[in-house]
Structure formats: structure tokens, C-alpha cells
């Protein structure tokens with residue numbers, strides 16, 4: 001079922017229930033008001049009959065009394081099927097007027113009238129019987145019972161019911177058509193969004209939805225979708241750049257390998273020293289290819305879903321010592337000094353974070369190795385300083401090497417980017433991008449500050465466990 005049809009049906013159903021309840025209320029209270037009015041009319045008729053009977057009874061002779069009753073009967077009958085009976089103290093009928101039937105009045109009704117003064121009984125909704133206790137100064141108490149059919153209320157209520165039912169049906173038809181039309185009008189922007197979304201492909205992710213200007217729900221949806229397109233465009237552009245740069249970087253060692261092997265095969269006889277040089281060159285190219293492949297695998301691993309990466313409680317001071325030991329093994333000629341800041345009294349677990357040991361160790365080594373490579377020949381050693389507060393743990397790695405320009409600094413997190421000042425230094429340009437992905441995976445940040453010729457400062461920051 002389409003949203004348009006569902007909206008039209010829901011709107012019609014709500015209005016139908018509302019009109020039905022309103023119609024029932026109108027019908028009920030109209031019926032109650034008419035019934036009460038008819039009841040009071042019956043009581044008035046009962047009082048008139050009692051007055052007629054007693055007034056006629058009090059006349060001097062029987063002929064005068066009969067003449068008086070005949071005169072009143074000419075103006076009396078106004079209610080349909082009306083019958084009035086007057087009962088004396090012995091529950092005997094002493095006077096009857098109107099439609100004469102043989103249906104007796106229940107003694108229980110007469111008794112109740114004598115106890116309460118008045119009673120009302122309803123039969124078949126429109127047939128009423130009322131009882132009234134009437135007192136005469138000379139003859140005592142009488143019970144007057146009047147009954148009649150409220151045909152006027154019956155006819156008018158039937159007409160009202162037909163009007164309400166007809167109005168309800170006509171209203172439902174009008175509301176159904178109007179709801180369908182207005183639902184169609186309201187959903188037109190959504191239909192336009194669907195058409196625009198269907199027209200966007202991977203080759204034109206630069207396009208955006210045109211319904212994002214506004215404050216309604218459809219505008220909010222279009223804004224969120226445009227933000228998704230922004231992220232997809234950036235991701236696709238990054239992927240294309242990554243594939244292009246990775247292909248370029250992989251081509252270099254492969255070209256060296258193929259070239260060396262082809263040259264070696266061209267000559268029939270070569271000296272052992274020449275074979276040794278070819279093998280050494282091939283081994284160096286293979287190691288370069290292995291390092292590049294490992295770096296690419298680490299970037300892919302760091303890009304995984306954070307929920308799929310196992311995290312434990314780690315002490316970064318211990319991890320920094322482990323990274324320092326590994327760095328000294330790899331680069332024994334470089335000097336790296338470590339400095340640990342004071343731990344605040346409020347901190348229960350100093351330098352503790354939630355993280356993955358292998359990934360964080362890789363991030364430490366990337367930053368430290370970069371500092372060593374780019375500060376070769378500097379007069380001052382690399383300084384790694386680890387500090388902690390109640391909220392953060394910060395590692396600052398500072399070198400006094402070649403540094404970089406501001407334009408290069410803004411692109412250091414782009415995979416395979418190499419700053420102009422360090423093009424001669426061996427590397428692939430994946431160390432800092434990998435570190436940034438690892439820090440993002442751990443809810444941390446990485447920041448680089450550098451000046452050309454004065455060195456570089458890298459700051460890694462994690463949320464502390466306290």
C-alpha cells in the first residue's frame with residue numbers, strides 16, 4: 001500500500017470516527033431532551049385530567065357534570081394513543097379518558113406513585129406511562145396514570161438519524177477524495193527526491209538533492225542524504241587516489257626487480273660479485289615491496305569497524321618503552337629520549353587507555369621512526385614526552401630535523417603523500433595516515449605542527465581511563 005493511499009485512508013478513518021461519535025452524541029442528547037419534554041407533557045396532561053375529573057365531580061347535578069365532561073373532550077385529545085386513568089384510594093378506576101384499552105395498570109406502579117408522588121415507565125423507547133399523585137381538599141388523594149406514544153420524537157429522531165448517516169457518508173466521500181489529493185500534493189517533494197536519487201550514480205556523486213532548502217521533514221531528509229553524498233564523494237575520491245598512488249608505489253619495486261632480473265639474464269657469464277650485486281638489489285626491492293604491502297594491510301586493518309577490533313586496558317608508558325626498545329633495535333644509531341610527566345593525585349590508573357596493543361604499537365613506531373628519519377644529522381635528539389591528566393593521555397614526539405612547509409603539513413594525512421623537503425628520504429608516505437586511522441579507531445586525535453628547517457612536533461591524544 002502506497003503512503004498516499006495510507007494517508008488518505010487514515011485521515012478518512014480519523015474523520016469517520018470523529019463524525020460518528022459526534023453524531024451519536026447529537027442523536028442521544030436530542031432524544032433525551034425530547035423524551036424529557038414528552039414526559040413533562042404527559043404529567044401536564046395527567047394534572048389536567050385530574051382537575052377536569054374533580055371539577056366535574058364537584059358540580060351540583062349529574063347532568064351538569066356530564067355536560068362539562070363532553071365540553072372538555074372537544075379540546076382534550078392532542079397526544080397519539082393517549083389514555084388517562086384516575087384511581088381512588090382503593091386503586092379503583094373512577095375516571096378514564098382517551099384511548100380505552102383493557103390493559104391493566106400494574107399495582108406496583110400505583111404503590112410506587114403513592115410512595116414517591118410521581119413515577120415514569122418507558123416501553124419500546126417511545127411509549128411512556130407516567131403516574132402522578134393528586135390531592136383534593138375534599139376527596140383526598142388520587143393516582144392519575146397517563147400513557148401515550150411519542151410519535152413526534154420517533155419521527156423526528158428517524159429523520160435526524162437519516163440526516164446524520166447521509167452526512168457521514170457524504171463527508172467520508174469528500175474527505176477520501178480530498179485526502180487523496182492533499183496526500184498527493186504533500187508527497188510531491190518526496191517523489192522528486194526519489195527521482196533525483198535514482199538519477200545519481202557513482203560517476204556523478206557531485207550532484208545534490210534540490211529539496212534541502214527548508215525546515216520540514218523532507219528538507220531534513222534531503223539534507224542528511226546530501227551529507228551522505230558528501231561522505232561518499234570524499235570516500236570515492238580517496239579510494240581512487242589510494243588505488244592510483246598505491247599502484248604507483250608498487251610499480252617502483254616491481255620495476256626494479258624485473259629490470260635487474262632481465263639484465264642478469266641477458267649476459268651468459270657474470271662474475272660472482274655481479275651476481276651478488278643483482279641478488280642484493282633484488283632483495284632490497286623485495287623488502288621494500290614487503291614493507292609497502294604490510295603498510296597497506298595495516299591501513300586496511302585500521303579502517304575496520306571499531307566494534308570488530310578487540311580492545312583491552314593498556315598502559316601507554318609500558319607500550320612506549322616497548323616501542324623505544326624496538327626502535328633502538330631497528331635504528332641503533334639514532335637517539336630518542338623519553339620523558340614521563342607527573343601523574344595527578346586524582347588519577348587512579350596512570351597512562352591507562354582502552355586500546356588494541358598491536359595497533360597502538362604500530363602507531364608509536366610510525367611516529368618515532370618518522371622523527372628519526374627526518375632528523376638525521378640534527379644536533380639534538382628526538383624527544384618523546386608522555387603526560388596524563390584526569391581526562392586525556394598525550395604523547396608528544398618532537399624532532400629538530402628538516403620540518404615542512406604549511407602547505408605540505410596540511411596534506412600529511414593523505415596516503416602516499418611525501419613532503420617536498422623529504423623526497424630524498426626513503427619511505428612510502430603511509431606512516432602518518434595509518435597513525436591517524438589508528439587514533440580515530442581508539443577515539444583519539446593526532447595533530448602535526450612543523451616549520452621548515454626547525455623540525456616537527458606530533459601530538460597523539462587519547463581519552464584517559466582515570
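The values are calculated or read from the model by the stated rules, or taken from the named source; none is laboratory data. Remember, predicted model here, so these are calculated numbers, not experimental data. Note that each Cβ is placed from the backbone with ideal geometry, even for glycine, and that neighbours are counted across all protein chains shown.
Does residue 152 satisfy being at pLDDT 80 or above and in the same structural domain as residue 98 (by TED's automatic domain parsing)? Judged against the criteria, residue 152 is a match.
Apart from one condition, residue 130 fits all of (1) buried (at least 16 other Cβ atoms within 10 Å of the Cβ); (2) on the phi < 0 side of the Ramachandran plot; (3) at pLDDT below 85; the exception is (3). Taking the condition assigned to a helix (DSSP H, G or I), surrounded by 15 or more Cβ atoms within 10 Å (Cβ to Cβ) and either modelled with pLDDT under 75 or out of contact with any strand residue (DSSP E or B) (no Cβ under 7 Å at 6 or more places or on another chain) (or both), does residue 7 pass? Spelling it out, residue 7 is indeed assigned to a helix (DSSP H, G or I), surrounded by 15 or more Cβ atoms within 10 Å (Cβ to Cβ) and either modelled with pLDDT under 75 or out of contact with any strand residue (DSSP E or B) (no Cβ under 7 Å at 6 or more places or on another chain) (or both).
Taking the criterion of being under 14 Å from residue 463 (Cα atoms) and outside any strand (DSSP E or B), the residues of the range 306-347 that qualify are 311, 316, 347.
The set of residues in the range 408-466 being within 15 Å of residue 359 (Cβ to Cβ), modelled with pLDDT of 75 or more and assigned to a loop (DSSP other than H, G, I, E, B) consists of 442, 443, 444.
Between 398, 354, the distinction of being within 24 Å of residue 438 (Cα to Cα), under 45 Å from the mean Cα position of the chain (by Cα) and assigned to a strand (DSSP E or B) belongs to 354 only.
Being surrounded by 17 or more Cβ atoms within 10 Å (Cβ to Cβ) and touching a strand residue (DSSP E or B) at 6+ places or on another chain (Cβ under 6 Å) is the filter here, so list the residues in the range 138-162 that pass it. Scanning the range 138-162 gives 142, 143, 144, 145, 146, 147, 149.
Pick from 46, 16, 66, 60: which is in a loop (DSSP other than H, G, I, E, B) and either touching a helix residue (DSSP H, G or I) at 6+ places or on another chain (Cβ under 9 Å) or at pLDDT below 85 (or both)? Write out each step before concluding.
Working: 46 fails: in a loop (DSSP other than H, G, I, E, B); 16 fails: in a loop (DSSP other than H, G, I, E, B); 66 fails: in a loop (DSSP other than H, G, I, E, B).
Criteria check complete, one pass: 60.
Look through 172, 232, 221 and report the one residue that is over 20 Å from residue 4 (Cβ atoms) and in a helix (DSSP H, G or I).
Numbers: 172 fails: over 20 Å from residue 4 (Cβ atoms); 221 fails: over 20 Å from residue 4 (Cβ atoms).
Answer to the check: 232.
When residue 96 is tested against (1) at pLDDT below 85; (2) part of a helix (DSSP H, G or I), exactly one condition is not met: (2). Scanning the range 388-409 for residues that are crowded, with 17+ Cβ neighbours inside 10 Å and closer than 12 Å to residue 460 by Cβ gives 393, 394, 395, 396, 397.
Condition test on residue 374, is it at pLDDT 80 or above and in contact with a strand residue (DSSP E or B) (Cβ under 7 Å, 6 or more places away or on another chain)?
Taking the combined requirement at face value, the residue does not satisfy it.
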